[in-house]
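Here is the structure we will look at.
The values are calculated or read from the model by the stated rules, or taken from the named source; none is laboratory data. For clarity, every value in this text was computed on a predicted model and none was experimentally measured. All Cβ positions, glycine included, derive from the backbone under ideal geometry; neighbour counts span all protein chains shown. Side chains are part of the model used for accessible areas, which takes the heavy atoms of the whole protein and leaves out ligands, DNA and RNA. Shrake-Rupley method; radii C 1.70, N 1.55, O 1.52, S 1.80 Å.
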Amino acid sequence: MNGDEKHWHLDRRVPIAVILTLLLQSCAALVWAGSASERLTTLEMRAARIDEMVERTARLEERARGASEALARIEARLER
């Protein structure tokens, strides 16, 4: 091997269409990755809101249970 064959070079036989296709695919991959990241962020925000709603619902259920027990005690006293 002589010195010219050791280094990588672009052969003139590679069509410009191949180069453009590779560039376009790379750009499309970057755009897709960006949109996937945005969707993931949106889903994480939704999950956080759902967690808050679950906690609120649990608190409301506990309050309703307490109110129901209090009502049962009041009814029991009225029946005496």
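For the chain, the fraction of C-alpha pairs farther apart than 14 angstrom is 82 percent. Taking the Cα centre of the chain as origin and assigning +1 to Lys and Arg Cβ atoms and -1 to Asp and Glu Cβ atoms, the resulting dipole is close to 240 debye.
Rounded to the nearest 10 degrees, the angle from helix 16-79 to the longest Cα principal axis of the chain is 10 degrees.
Once the chain from Cys27 to Leu40 is taken as fully extended at 0.36 nm per residue, the excess over their C-alpha distance is 2.7 nm. Ordered from highest to lowest accessible area with the whole protein assembly present and a 1.4 Å probe, Trp8, Trp32 read as Trp8, Trp32.
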